[in-house]
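Enquirer: My questions all concern the structure below.
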Amino acid sequence: MDAVKDPAIVRLDKRVALFKRRGCGTERAGELAELLLLRDADRDDRRMCIECAHLQTTGGCFAARQGWIHGAAPYLTPVKDMLQRCECFEWQKP
Ligand code: SF4
């Protein structure tokens, strides 16, 4: 019989995989995923660009390129691992 995994652990594993795909080493990906687990537990509504669907492989922001972020330069290269609030954030689906 399969054990049912805690949803928080499933989310953590998916985040680690996403962050590794987005250039983090294994250790850093794990650190960020644990930090976001605490964020979720605190019901903190800030997000990181590394979680966002608009972050491009070049490190740029698609939403900024399109002019969707008020006041942002079109060639914005956001800090990926800083908690913040962004009007254009969208969850990256795993
Ligand atoms: S839309 Fe906002 S949260 Fe998403 S990558 Fe761009 S700056 Fe970051």
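The values are calculated or read from the model by the stated rules, or taken from the named source; none is laboratory data. From a predicted model like this one, the values you see are computed outputs, not experimental measurements. Quick reminder, even Gly has a Cβ in these numbers, built from the backbone with ideal geometry, and neighbours come from all protein chains shown. Only protein heavy atoms, including side chains, enter the accessible area calculation; ligands, DNA and RNA are left aside. Shrake-Rupley method; radii C 1.70, N 1.55, O 1.52, S 1.80 Å.
Enquirer: Could you run through the stretch 44-55 and say how many residues are within 16 Å of LEU12 (Cα to Cα) and either more than 10 Å from the ligand (Cβ to nearest atom) or in contact with a Phe, Trp or Tyr (Cβ under 8 Å, 6 or more places away or on another chain) (or both)?
Expert: 4
Enquirer: Within the set of pairs 6+ apart or on separate chains, which have a first residue in the stretch 45-71 that is at pLDDT below 95, a second that is near the ligand (Cβ under 7 Å from one of its atoms), and C-beta atoms under 7 Å apart?
Expert: none
Enquirer: Which is part of a helix (DSSP H, G or I), open to solvent by 80 Å² or more (accessible area, probe 1.4 Å) and out of contact with any helix residue (DSSP H, G or I) (no Cβ under 7 Å at 6 or more places or on another chain), of LYS20, LYS14?
Expert: Just one listed residue meets the conditions, LYS14.
Enquirer: May I pose another question? Of everything in the stretch 56-94, what is closer than 19 Å to ALA29 by Cα and touching a Phe, Trp or Tyr at 6+ places or on another chain (Cβ under 8 Å)? Give them in sequence order.
Expert: Of everything in the stretch 56-94, just one residue is closer than 19 Å to ALA29 by Cα and touching a Phe, Trp or Tyr at 6+ places or on another chain (Cβ under 8 Å), namely GLN56.
Enquirer: Output yes when any residue across the stretch 64-86 is of a type outside the set (Phe, Trp, Tyr), part of a helix (DSSP H, G or I) and either closer than 17 Å to ALA17 by Cα or within 8 Å of the ligand (Cβ to nearest atom) (or both), and no when none is.
Expert: So far as the stretch 64-86 goes, yes, one or more of its residues are of a type outside the set (Phe, Trp, Tyr), part of a helix (DSSP H, G or I) and either closer than 17 Å to ALA17 by Cα or within 8 Å of the ligand (Cβ to nearest atom) (or both).
Enquirer: Answer with yes or no whether LYS5 is within 13 Å of the chain's Cα centre (by Cα), of a type outside the set (A, V, I, L, M) and open to solvent by 40 Å² or more (accessible area, probe 1.4 Å).
Expert: Considered against the rule, which asks whether it is within 13 Å of the chain's Cα centre (by Cα), of a type outside the set (A, V, I, L, M) and open to solvent by 40 Å² or more (accessible area, probe 1.4 Å), LYS5 comes out as no.
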